[in-house]
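Let me begin by presenting the structure, written as C-alpha coordinates, before commenting on it.
The values are calculated or read from the model by the stated rules, or taken from the named source; none is laboratory data. Since the model is a prediction, treat every value here as computed from it, not as a measurement. Here Cβ is always computed from backbone atoms with ideal geometry, including for glycine, and neighbour counts include all displayed protein chains. Keep in mind that these areas ignore ligands, DNA and RNA; they rest on the heavy atoms of the full protein, side chains included. Shrake-Rupley method; radii C 1.70, N 1.55, O 1.52, S 1.80 Å.
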Amino acid sequence: GENGGALEGLFHASKAAHLARETWGRKPHPADHPWHGAHRIDPDRFEQRLVEVFTQEILHPPPAARWIGFKEIRYHRLGDDFPVFLQFCRRNFHNAFFVFNSRRGEKVAKSKWWANQPEKKVLQLVARMDTHFAAFAVANPRISHHVFYEETIADPTSLFPLFEKLGETLDLDKMQSILSNPLTH
(Lines give C-alpha, C1' and ligand atoms only; values in the text may rest on other atoms or scores of the structure.)
Protein backbone atom coordinates (compact mmCIF):
# COMPACT_ATOMS: atom_id res chain seq x y z
CA GLY A 1 0.00 0.00 0.00
CA GLU A 2 0.89 3.67 0.02
CA ASN A 3 2.96 5.29 2.75
CA GLY A 4 2.37 8.98 2.15
CA GLY A 5 5.61 9.43 0.23
CA ALA A 6 7.76 8.61 3.28
CA LEU A 7 10.65 7.52 1.07
CA GLU A 8 10.68 10.94 -0.63
CA GLY A 9 11.69 12.61 2.64
CA LEU A 10 14.53 10.13 3.10
CA PHE A 11 15.69 10.81 -0.44
CA HIS A 12 15.82 14.55 0.31
CA ALA A 13 17.72 13.90 3.55
CA SER A 14 20.23 11.82 1.60
CA LYS A 15 20.64 14.58 -1.00
CA ALA A 16 21.32 17.06 1.81
CA ALA A 17 23.95 14.77 3.36
CA HIS A 18 25.68 14.31 -0.01
CA LEU A 19 25.64 18.05 -0.65
CA ALA A 20 26.99 18.87 2.83
CA ARG A 21 29.82 16.35 2.48
CA GLU A 22 30.72 17.37 -1.07
CA THR A 23 30.51 21.11 -0.39
CA TRP A 24 31.87 21.50 3.14
CA GLY A 25 33.26 18.13 4.13
CA ARG A 26 36.23 17.87 1.81
CA LYS A 27 38.55 18.78 4.67
CA PRO A 28 38.26 19.06 8.46
CA HIS A 29 37.25 22.44 9.85
CA PRO A 30 38.10 23.87 13.27
CA ALA A 31 35.56 23.62 16.11
CA ASP A 32 34.45 27.24 15.66
CA HIS A 33 33.63 26.76 11.96
CA PRO A 34 29.91 26.39 11.00
CA TRP A 35 30.70 23.17 9.10
CA HIS A 36 32.86 21.56 11.78
CA GLY A 37 32.49 17.78 11.49
CA ALA A 38 31.14 17.79 7.94
CA HIS A 39 34.15 15.74 6.81
CA ARG A 40 32.83 12.87 8.97
CA ILE A 41 29.50 12.70 7.13
CA ASP A 42 29.23 9.39 5.28
CA PRO A 43 26.33 10.06 2.90
CA ASP A 44 26.35 6.57 1.39
CA ARG A 45 26.12 4.86 4.77
CA PHE A 46 23.49 7.39 5.90
CA GLU A 47 21.44 6.65 2.79
CA GLN A 48 21.67 2.89 3.31
CA ARG A 49 20.66 3.16 6.95
CA LEU A 50 17.67 5.35 6.06
CA VAL A 51 16.46 2.71 3.61
CA GLU A 52 17.01 -0.07 6.15
CA VAL A 53 14.82 1.77 8.68
CA PHE A 54 12.19 2.47 5.98
CA THR A 55 12.13 -1.22 5.08
CA GLN A 56 11.89 -2.38 8.68
CA GLU A 57 9.49 0.23 10.04
CA ILE A 58 7.30 1.08 7.04
CA LEU A 59 7.28 -2.02 4.81
CA HIS A 60 7.60 -4.69 7.55
CA PRO A 61 8.54 -7.50 5.15
CA PRO A 62 7.65 -11.01 6.25
CA PRO A 63 10.72 -13.25 6.59
CA ALA A 64 9.83 -15.50 3.65
CA ALA A 65 8.93 -12.70 1.20
CA ARG A 66 10.25 -13.12 -2.33
CA TRP A 67 9.25 -9.56 -3.31
CA ILE A 68 8.38 -6.58 -1.15
CA GLY A 69 7.22 -3.19 -2.25
CA PHE A 70 4.63 -0.49 -2.08
CA LYS A 71 2.30 1.61 -4.18
CA GLU A 72 2.83 5.33 -4.46
CA ILE A 73 1.08 8.06 -6.46
CA ARG A 74 2.92 11.12 -5.13
CA TYR A 75 6.06 10.94 -7.24
CA HIS A 76 4.98 14.02 -9.17
CA ARG A 77 6.09 16.06 -6.14
CA LEU A 78 9.69 15.17 -7.01
CA GLY A 79 9.49 17.08 -10.29
CA ASP A 80 12.70 16.77 -12.27
CA ASP A 81 14.29 14.88 -9.35
CA PHE A 82 12.17 11.82 -10.14
CA PRO A 83 14.91 10.09 -12.21
CA VAL A 84 17.46 10.88 -9.46
CA PHE A 85 15.04 9.39 -6.92
CA LEU A 86 14.85 6.18 -8.96
CA GLN A 87 18.66 5.97 -8.91
CA PHE A 88 18.54 6.43 -5.12
CA CYS A 89 16.19 3.44 -4.97
CA ARG A 90 18.38 1.36 -7.28
CA ARG A 91 21.42 2.01 -5.11
CA ASN A 92 19.76 1.09 -1.87
CA PHE A 93 17.16 -1.61 -2.50
CA HIS A 94 18.63 -5.00 -3.27
CA ASN A 95 17.20 -6.33 -6.52
CA ALA A 96 15.03 -3.22 -7.05
CA PHE A 97 12.28 -3.55 -9.63
CA PHE A 98 9.98 -0.71 -10.71
CA VAL A 99 6.43 -1.14 -11.97
CA PHE A 100 5.02 2.02 -13.48
CA ASN A 101 1.26 2.24 -13.90
CA SER A 102 -0.07 4.85 -16.29
CA ARG A 103 -3.70 5.86 -16.61
CA ARG A 104 -5.31 8.12 -19.17
CA GLY A 105 -5.02 11.70 -17.99
CA GLU A 106 -8.70 12.41 -18.59
CA LYS A 107 -9.61 9.60 -16.18
CA VAL A 108 -7.08 10.73 -13.59
CA ALA A 109 -8.51 14.25 -13.74
CA LYS A 110 -11.92 12.88 -12.73
CA SER A 111 -10.58 10.57 -10.01
CA LYS A 112 -11.07 11.28 -6.28
CA TRP A 113 -9.11 14.30 -5.06
CA TRP A 114 -7.60 14.97 -8.49
CA ALA A 115 -11.10 16.07 -9.54
CA ASN A 116 -10.63 19.16 -7.34
CA GLN A 117 -7.57 20.24 -9.32
CA PRO A 118 -7.58 22.19 -12.59
CA GLU A 119 -7.88 19.63 -15.37
CA LYS A 120 -5.11 21.20 -17.46
CA LYS A 121 -2.71 20.93 -14.52
CA VAL A 122 -3.59 17.26 -13.97
CA LEU A 123 -3.18 16.43 -17.67
CA GLN A 124 0.25 18.10 -17.73
CA LEU A 125 1.31 16.28 -14.57
CA VAL A 126 0.18 12.91 -15.97
CA ALA A 127 1.96 13.55 -19.27
CA ARG A 128 5.19 14.54 -17.48
CA MET A 129 5.12 11.45 -15.25
CA ASP A 130 4.27 9.15 -18.17
CA THR A 131 7.32 10.55 -19.96
CA HIS A 132 9.50 9.78 -16.92
CA PHE A 133 8.01 6.29 -16.61
CA ALA A 134 8.53 5.47 -20.28
CA ALA A 135 12.08 6.81 -20.35
CA PHE A 136 13.14 4.76 -17.34
CA ALA A 137 11.36 1.60 -18.56
CA VAL A 138 12.98 1.84 -22.00
CA ALA A 139 16.44 2.51 -20.55
CA ASN A 140 16.11 -0.18 -17.84
CA PRO A 141 13.97 -3.03 -19.23
CA ARG A 142 15.46 -5.70 -16.92
CA ILE A 143 14.47 -3.86 -13.74
CA SER A 144 11.24 -2.16 -14.73
CA HIS A 145 7.93 -2.63 -16.44
CA HIS A 146 5.35 -0.11 -17.61
CA VAL A 147 1.70 -1.13 -17.40
CA PHE A 148 -1.36 0.78 -18.48
CA TYR A 149 -4.38 0.81 -16.21
CA GLU A 150 -7.06 0.65 -18.90
CA GLU A 151 -5.27 -2.22 -20.67
CA THR A 152 -4.78 -4.15 -17.43
CA ILE A 153 -8.44 -3.78 -16.42
CA ALA A 154 -9.66 -4.79 -19.88
CA ASP A 155 -7.27 -7.72 -20.23
CA PRO A 156 -5.40 -9.02 -17.16
CA THR A 157 -3.35 -11.30 -19.42
CA SER A 158 -1.47 -8.11 -20.36
CA LEU A 159 0.35 -8.66 -17.03
CA PHE A 160 2.01 -11.87 -18.21
CA PRO A 161 5.20 -10.06 -19.38
CA LEU A 162 5.52 -8.35 -15.98
CA PHE A 163 5.18 -11.62 -14.08
CA GLU A 164 7.63 -13.26 -16.47
CA LYS A 165 10.22 -10.57 -15.71
CA LEU A 166 9.69 -11.16 -12.00
CA GLY A 167 10.03 -14.92 -12.40
CA GLU A 168 6.57 -15.39 -10.94
CA THR A 169 3.46 -17.21 -12.13
CA LEU A 170 0.40 -15.12 -12.90
CA ASP A 171 -2.72 -16.70 -11.38
CA LEU A 172 -5.20 -15.25 -13.82
CA ASP A 173 -8.29 -16.13 -11.75
CA LYS A 174 -6.82 -14.49 -8.66
CA MET A 175 -5.74 -11.43 -10.69
CA GLN A 176 -9.20 -11.03 -12.20
CA SER A 177 -10.70 -11.23 -8.71
CA ILE A 178 -8.30 -8.57 -7.42
CA LEU A 179 -8.89 -6.25 -10.37
CA SER A 180 -12.66 -6.55 -10.05
CA ASN A 181 -12.56 -4.95 -6.57
CA PRO A 182 -12.56 -1.14 -6.76
CA LEU A 183 -10.13 0.70 -4.48
CA THR A 184 -11.49 2.06 -1.25
CA HIS A 185 -10.21 5.38 0.02
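Laid out as a table, the results:
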{"item": "Distant-in-sequence amide H partners of residue 144 (H built 1.01 Å from N, under 5 Å)", "result": "98"}
{"item": "Charged-residue dipole, Cβ positions (Lys, Arg, Asp, Glu), the chain about Cα centre, Debye nearest 20", "result": "440"}
{"item": "Lysines with Cα under 21 Å of residue 107, excluding same-chain neighbours fewer than 8 positions away", "result": "71, 120, 121"}
{"item": "Equivalent ellipsoid dimensions for the range 71-185 as semi-axes, Å, which come from the Cα gyration tensor, largest first", "result": "23, 21, 12"}
{"item": "In sequence order, calculated HN-Hα J values of the range 150-160 (Karplus, 6.51, -1.76, 1.60; Hz; x Gly/Pro)", "result": "4, 5, 5, 5, 5, 8, x, 5, 5, 7, 3"}
{"item": "Accessible area in square angstrom per residue, the chain, 1.4 angstrom probe", "result": "66"}
{"item": "Options 63, 176, 13, ranked by Cα towards positive dipole end of the chain, top entry (Cβ charges)", "result": "13"}
{"item": "Cβ-derived FRET efficiency at R0 30 Å, residue 58 paired with residue 173, nearest 0.05", "result": "0.45"}
{"item": "The range 120-181 shape via C-alpha gyration tensor axes, a/c threshold 1.5", "result": "oblate"}
{"item": "For peptides 153-162, 6-15, 102-111, 171-180, sequence by mean Cβ density within 10 Å, most packed first", "result": "6-15, 102-111, 153-162, 171-180"}
{"item": "Over the chain, relative contact order from alpha-carbon pairs under 8 Å, at least 6 apart, %", "result": "16"}
{"item": "Global geometry of the range 1-148, whether rounded, prolate or oblate, following the gyration tensor of its Cα atoms and the 1.5 cut on a/c", "result": "prolate"}
{"item": "On Cα atoms only, tilt of 6-24 relative to the major axis of the chain in degrees", "result": "30"}
{"item": "Dipole magnitude of the range 52-136 about its Cα centre (Cβ charges: Lys, Arg +1; Asp, Glu -1), debye to nearest 20", "result": "360"}
{"item": "Over the range 95-158, relative contact order from alpha-carbon pairs under 8 Å, at least 6 apart, %", "result": "46"}
{"item": "FRET efficiency, residue 31 to residue 143 (Cβ-Cβ, R0 41 Å, nearest 0.05)", "result": "0.35"}
{"item": "Amide H contacts under 5 Å for residue 102, placed H, 5+ residues apart", "result": "147, 148, 149"}
{"item": "Estimated dipole of the range 40-92 in Debye, rounded to 20 [Cβ of Lys and Arg +1, of Asp and Glu -1, Cα centre]", "result": "120"}
